[in-house]
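So the structure is just underneath, and the comments pick up after that.
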Amino acid sequence: MRLDKFLCKSTELTRIEATALIVAGEVLVNGQTVTSASTQVHENNRITLDGQVLTPRASRYIMMHKPLDTLSSNVDGDYPSVMNCLDVDKVCDLHIAGRLDADTTGLVLVTDDGRWSFNIINPKYHCEKVYRVSLRDPINDDVAGKFACGVQLQGEASLTLPAKLEVVSPTEVLLTITEGRYHQVKRMFAAVGNRVNGLHRQQVGDIKLDIGLGQWRYLTTEEINSFSVLQL
Ligand code: URA
């Protein structure tokens, strides 16, 4: 991670304060003064500030149940940020692993561990995301087959990867996808002439949403580790 981020994770300093101390030559990495805030460091490097060895806080891994009309971003915009539901310190250090649209509800994973979230977001890892979808029109019999083969989304060079469709009722389905293209679920149903009226993410990998709307909890060790063993 970057040296300025390491300092923030080990102290109560803001990013600006950490950068100022680094530029002033107050920080040593393995006994050498380093004055660039973007220098990459490892947790096993010996990093000192004023002679004190710094130890970063443990990474955080959080499940949130995103309400309707909230943004999957760290700042408010047209709607309030979903991060307003979180009452933890240093929310600005956290990021969302896989965004949802403002009008989508459900499971959002939040962390400050970029390597962990990369395992979830990178399509190469085929991490499954399960969505409950409410449709405008009853689902046609041929849609499961089309989604299993991949569909052409407008403006995209390649077909979508195989996706699994389970019919719950004529206008309610479960869709499992392994990519995260822009508005993917809505565009997949548009590609087969239907329309999404309601979208809810209920599972990511092995992690199932099990808390109420607007609530959050820390993930268990088992849940955290379930993304460390994904294979290419
Ligand atoms: N697909 C969408 O269209 N929207 C989401 O929020 C997530 C997946």
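Just so it is clear, none of the values below were taken in a lab; they were calculated from the coordinates. Every value quoted in this text rests on a predicted model; they were computed, and no experiment measured them. Every residue, glycine among them, receives a Cβ derived from its backbone with ideal geometry; neighbour counts consider all protein chains shown.
Summary of values
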{"quantity": "Pair-distance profile P(r), taking every C-alpha pair of region 1-117, with 10 angstrom steps and integer %", "calculated": "13, 39, 25, 17, 5, 0"}
{"quantity": "Contact order relative to length of the chain, as percent, for alpha carbon pairs under 8 angstrom and 6 or more apart", "calculated": "20 percent"}
{"quantity": "9 Å beta-carbon shell around Ala18, net charge (K/R +1, D/E -1)", "calculated": "0"}
{"quantity": "Spatial separation of Cα centroids for region 45-68 and region 119-175, in angstrom", "calculated": "36 Å"}
{"quantity": "For region 3-53: rounded, prolate or oblate by the Cα gyration tensor [a/c cutoff 1.5]", "calculated": "rounded"}
{"quantity": "Stokes-Einstein translational diffusion, the chain - Kirkwood Rh over all Cα pairs, 0.890 mPa s, 25 °C, in µm²/s", "calculated": "124 µm²/s"}
{"quantity": "Residue among Ala191, Ile62, His95 farthest towards the positive dipole end of the chain, charges placed on Cβ", "calculated": "Ala191"}
{"quantity": "Rounded to the nearest 20 debye, dipole of the chain from Cβ charges on Lys, Arg, Asp, Glu", "calculated": "420 debye"}
{"quantity": "Cut-off 11 Å between beta-carbons: net charge of the residues surrounding Thr105, Lys and Arg +1, Asp and Glu -1", "calculated": "0"}
